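Everything below concerns the one structure shown next.
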Amino acid sequence: MNGGLVRLREVLDQLNPSERKVADYILVYPERMIQLSGAQLAEECSSSQAAIVRLCKSMGVKGFQDLKLRVAGDVQEQRKDKVSSGYQEIRPHDSIGTIIEHVSNNNIQSIRDTVKILDPDAVVRAVDAIYGAKRIFFYGLGASNLIAQDAQQKFLRINKPSFTFADPHVQLTSAVTLTPDDLAIGISYSGETRQVIASLKAAKENGAVTMSITKYGASKLAQYSDIPLAISSTENEIRSGAMSSRITQLNVIDILYLAVASRNYESSVQYLDKSRQAIHQLETNM
């Protein structure tokens, strides 16, 4: 069991001052924290046991002991893991070799951290919803729309009718026509993209099953999601590039796609072969 430190980093900006004191202490002194009782931790960081309880609730963990176990797992993993040295920012005048190493390590770390916080039960429900949907609509803007296009292409290849639109007005127009047989998936790293929120809200109001792929923690998009899927990312100073979040979102889409395809493996393989042959024939005749 691990993922305590990842969850703390992801919800840090959403915490009140007393919870933030506890979180900051744990992030700086994780090894010391796992040796303390709740009362001792509250005293160490000049906070309160009530703040620790609230922090655990904000993080989505069962309680202080659950948090300690997760942080202990993270500490043990860090001792064993010699591959990654943690998140690295890209700085002015970095060498090409440094940029190659840092970007690659950040992407790898984001995927690893997402694995720690991605709820397997939620993934099962997501796969059930995709498998049972007559139509799937993917909503996203900017870089998230590229994720939506990738998802549409993947699911179309295994005969799951899928749609995505770059124009947010068209997204909203489609959302108000959805039915309980349809599935709407909102993609937004922040979970606060108002156009995507509006589309998912409209889809939910019209009876469609709703799903979201957002960063871990509370967000408006997750509020309208029957099935919220959480990702982690390194993005802070490099946030505008939507780099690591794109990689983790694509990874979640790949997980869902392969899980759905494996449920009806023979049929999926047949459809994949058909599309491959059609594209090959088109290219050969050009």
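Quick notes on this structure:
- From SER262, SER268, residue being farther than 14 Å from LEU156 by Cβ and in a helix (DSSP H, G or I): SER262
- Count - residues of region 126-180 that are out of contact with any strand residue (DSSP E or B) (no Cβ under 9 Å at 6 or more places or on another chain), of a type in the set (S, T, N, Q) and part of a loop (DSSP other than H, G, I, E, B): 2
- Boolean, LEU221 is at pLDDT 95 or above, more than 18 Å from LEU141 (Cβ to Cβ) and not in a loop (DSSP other than H, G, I, E, B): no
The rows are residues; the columns are (1) without any contact (Cβ under 8 Å) to a residue 40 or more places away in the chain; (2) within 18 Å of LEU250 (Cβ to Cβ); (3) loosely packed, with under 15 Cβ neighbours inside 10 Å.
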| residue | (1), (2), (3) |
| --- | --- |
| LEU118 | no, yes, no |
| ALA129 | no, no, no |
| ALA133 | no, no, no |
| ILE136 | no, yes, no |
| TYR139 | no, yes, no |
| ALA151 | no, yes, no |
| PRO161 | yes, no, yes |
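- Matching option when the condition is of a type outside the set (Lys, Arg) and at pLDDT below 90, among GLN49, GLN40, GLN76, GLN35: GLN76
- Residue within region 42-49 that is crowded, with 18+ Cβ neighbours inside 10 Å, small (Gly, Ala, Ser), free of Cβ contacts under 8 Å to residues at least 60 places away in the same chain and touching an Asp or Glu at 6+ places or on another chain (Cβ under 9 Å) present: yes
- Against the test of being closer than 30 Å to ARG91 by Cβ and not aromatic (Phe, Trp, Tyr), the options LEU141, LEU221 yield a single qualifying residue, LEU141.
- Test: residue in region 56-70 that is farther than 18 Å from ASN2 by Cα, without any contact (Cβ under 8 Å) to a residue 40 or more places away in the chain and part of a helix (DSSP H, G or I): no
- Considered as a group, the residues in region 188-218 that are assigned to a loop (DSSP other than H, G, I, E, B) and more than 16 Å from the chain's Cα centre (by Cα) include one that is surrounded by the fewest Cβ atoms within 10 Å (Cβ to Cβ), and that residue is GLY207.
- Selection count where residues are surrounded by 17 or more Cβ atoms within 10 Å (Cβ to Cβ) and over 16 Å from VAL11 (Cα atoms), scope region 21-41: 6
The values are calculated or read from the model by the stated rules, or taken from the named source; none is laboratory data. Being a predicted model, the structure only gives us computed values, none of them experimental. Using ideal geometry, Cβ is built from the backbone for each residue, glycine included, and neighbour counts are taken over all protein chains shown.
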